[in-house]
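Contents: one structure, followed by commentary.
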Amino acid sequence: MTTVPHLGGRVPPMPERNPKALRAAIAEYAPGLLADFDRHWKRAIADTYDLAPVPAFMARWWTEFALARDPRLDRRVTALEARAAVADDNDHAMALLEEAAHLRREAGKAEPGR
């Protein structure tokens, strides 16, 4: 995941909770995610004309942006997942992945403006 520090090292706020605002925030603060965001939107929503996947789409990308906007948190989650990938002990790998998943869930709870 590509992160771009902004606002003098401070974490940028979460946008309004809608696809247009989220896309604009990604474009401004985490442009490395934009191509994947747009491809996913096109494949899951635009090409199908089906709005049913929008809540799942928003949940995924809300969390991705919440991580990408905070380089320290993003590095921590990435490091936990990388350590789990090479862990020799399955229990240890699971514990690392559970910690990473917990951080992802917490990031996904970020409220607009915070």
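The values are calculated or read from the model by the stated rules, or taken from the named source; none is laboratory data. If you're wondering where the values come from, they're calculated on a predicted model, not measured in any experiment. All Cβ positions, glycine included, derive from the backbone under ideal geometry; neighbour counts span all protein chains shown.
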Check Ala95 against each of (1) within 17 Å of Ala30 (Cα to Cα); (2) surrounded by fewer than 17 Cβ atoms within 10 Å (Cβ to Cβ) and name the one condition it does not meet. (1)
Selected residue [closer than 24 Å to Thr78 by Cα, at pLDDT below 95 and of a type in the set (A, V, I, L, M, F, W, C)] from Leu33, Leu7: Leu7
Determine whether the range 56-67 contains at least one residue that is touching a residue at least 60 places away in the same chain (Cβ under 8 Å) and surrounded by 11 or more Cβ atoms within 10 Å (Cβ to Cβ). yes
Please indicate, with yes or no, whether at least one residue in the range 90-113 is in contact with an Asp or Glu (Cβ under 7 Å, 6 or more places away or on another chain) and within 17 Å of Phe37 (Cα to Cα). no
Select from the range 99-114 the residues that are surrounded by fewer than 12 Cβ atoms within 10 Å (Cβ to Cβ) and under 17 Å from Thr78 (Cβ atoms) and list them in ascending order. Arg105
Please work out if Ala84 is outside any helix (DSSP H, G or I), free of Cβ contacts under 8 Å to residues at least 40 places away in the same chain and within 24 Å of Arg105 (Cβ to Cβ). no
Residues of the range 60-106 satisfying the condition of being out of contact with any helix residue (DSSP H, G or I) (no Cβ under 7 Å at 6 or more places or on another chain), of a type in the set (Lys, Arg) and under 23 Å from Pro19 (Cα atoms): Arg60, Arg105
Every residue from the range 25-55 that is in contact with a Ser or Thr (Cβ under 7 Å, 6 or more places away or on another chain) and assigned to a loop (DSSP other than H, G, I, E, B): Ala30
